[in-house]
Amino acid sequence: MTSVERGMELVAYGKYKEAIHSFDDALAENPDDVKALLGKVAALDRIGLFSDALRCTERALALDPKNADAWFLQGTILHRRGALAEAMACLRQALEACPDHLEAWFTLGNCYYYRREYDDALDCYDRVIAADEAYPKAWYNKGVALTEMKRHGGAIRCYDQLLSMNPGVGIAWNNKGFCLAQMGMFEEALECFETALDINPLDTTALNNKAATLKQLGRDEEASACMDQVLVQTGGHGPYSVM
C-alpha cells in the first residue's frame with residue numbers, strides 16, 4: 001500500500017491527523033503528487049484547517065489547472081467559509097472540466113440557496129437528481145428550498161422521496177410536518193412531528209411544532225405540556241422559532 005492509499009484509508013476511518021502524515025510522506029517523495037495534495041486537502045478540511053487546505057488546492061491547480069476535484073474542493077472550502085461568489089467561480093471551473101461532477105452541482109446549488117436564489121438552486125439539485133435519483137441530500141435540500149418558496153406540496157414530495165430511502169431522518173419528518181401544517185393539514189402534520197420525536201425525543205423544534213399543531217387542533221392542555229417540555233429542554237429560553 002502506497003502512502004497515498006494509506007492516507008485515503010485513514011481519511012475513510014476518520015483518522016485525519018494520521019492521514020495528513022501519510023500524505024506528507026508521499027509529498028516528501030514527490031512534491032508534485034496531485035493525488036497526495038488533494039488527499040491532504042480532504043483531511044485538512046475535515047479538521048477545520050481551511051487556510052492550509054486552500055494552499056494545497058492552489059498547489060494542485062498550479063500543477064493541474066483542469067483538475068475538477070481540485071476546483072471542487074477549493075469551492076467547497078470557500079463555501080464553508082461563506083465566500084459564496086468565490087466558491088461558485090471554483091465550482092463552475094470544476095463543472096467546466098467535468099460536467100457530470102454531481103457533488104459540484106450539489107454544492108453550487110447550496111451556494112445559490114444561501115444567496116436566496118432559489119430557482120437557480122433548484123436547477124442544480126434537479127441536475128443531480130436527474131443523474132442519480134438515489135441522492136438523498138439533493139432531495140432534502142430541494143425540499144428545503146421549496147419550503148422557503150412556500151411551495152409546500154412540492155417540498156412534501158421531496159421529503160417523501162428522501163424518507164422512502166431512509167425513514168429514520170427525523171428532520172425530514174419535522175419539515176414535512178411543517179409543510180402539512182402550513183397547508184392546514186394539522187392531523188397529518190401531528191403524525192409527522194410525533195414520528196420525528198420517536199426518532200429523537202430531544203428534537204426541540206419538532207416538539208415546539210407539535211405544541212403549535214396541538215394548539216391549532218384545540219388540544220390546549222397537551223399543547224401546554226409540550227411547551228413545558230420545550231422550556232425544560234432549552235433551559236427556560238423557549239424555542240428559537242415558532243411554526
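Any idea of the accessible area per residue across the range 125-240, 1.4 Å probe, to the nearest Å²? Let's see the in-between values first.
Numbers: 6010 Å² over 116 residues.
It amounts to 52 Å² per residue over the range 125-240.
I need to check one value: relative contact order of the chain, counting alpha carbon pairs closer than 8 Å and at least 6 residues apart, in percent. Intermediate values should be presented prior to the final figure.
Numbers: 338 pairs, mean separation 18.9, N = 243.
Relative contact order, the chain: 8 percent.
Report the FRET efficiency, 1/(1 + (r/R0)^6), for Asp123 and Met165, where r is their Cβ-Cβ distance and R0 is 22 Å, rounded to 0.05. Don't skip to the end; give the middle numbers.
Values: r = 22 Å, r/R0 = 1.01.
The formula returns an efficiency of 0.50 here.
First compute the accessible area of the chain with a 1.4 Å probe, then give the percent of it belonging to carbon and sulfur atoms. Don't skip to the end; give the middle numbers.
Working: 6300 of 12710 Å².
Ligands and nucleic acids excluded, carbon and sulfur give 50 percent.
Can you work out the accessible area per residue across the range 66-108, with the rest of the protein chains kept in place, probe 1.4 Å, in square angstrom? Mind showing how you got there, number by number?
Values: 1940 Å² over 43 residues.
Heavy-atom accessible area per residue stands at 45 Å².
Sum up the lysine pairs in the chain that clear both bars: alpha-carbon distance under 21 Å and a spacing of 8 or more or different chains.
Counting lysine pairs in the chain gives 14.
Compute the long axis of helix 170-182 from its Cα atoms, compare it with the longest principal axis of the Cα atoms of the chain, and write down the angle in degrees, 0 to 90, nearest 10.
Approximately 50 degrees, to the nearest 10.
Could you derive backbone 3J(HN,Hα) for the range 61-78 from the dihedral phi with the Karplus parameters 6.51, -1.76 and 1.60 (θ = phi - 60°), listing whole Hz in sequence and x where the residue is Gly or Pro?
6, 5, 7, 9, x, 10, 7, 4, 5, 5, 5, 4, 5, 5, x, 5, 5, 5
How far is helix 152-165 tilted off the main Cα axis of the chain, in degrees rounded to 10, range 0 to 90?
60
Ranking request for peptides 38-47, 75-84, 190-199, 114-123: highest mean number of other beta-carbon atoms within 10 Å first, then the rest in descending order.
My ranking of the peptides, most packed first, is 38-47, 190-199, 75-84, 114-123.
Mind checking the angle between helix 16-29 and the chain's longest principal axis? C-alpha axes, 0 to 90 degrees, to the nearest 10.
Compared with the principal axis, the helix lies near 20 degrees.
The values are calculated or read from the model by the stated rules, or taken from the named source; none is laboratory data. Since the structure is predicted, the reported quantities are computational estimates derived from the model, not experimental observations. When we count neighbours, we look across all protein chains shown, and the Cβ atoms used for this are built from the backbone with ideal geometry, even at glycine. What goes into the accessible areas is simple: the full protein's heavy atoms, side chains included, and nothing from ligands, DNA or RNA. Shrake-Rupley method; radii C 1.70, N 1.55, O 1.52, S 1.80 Å.
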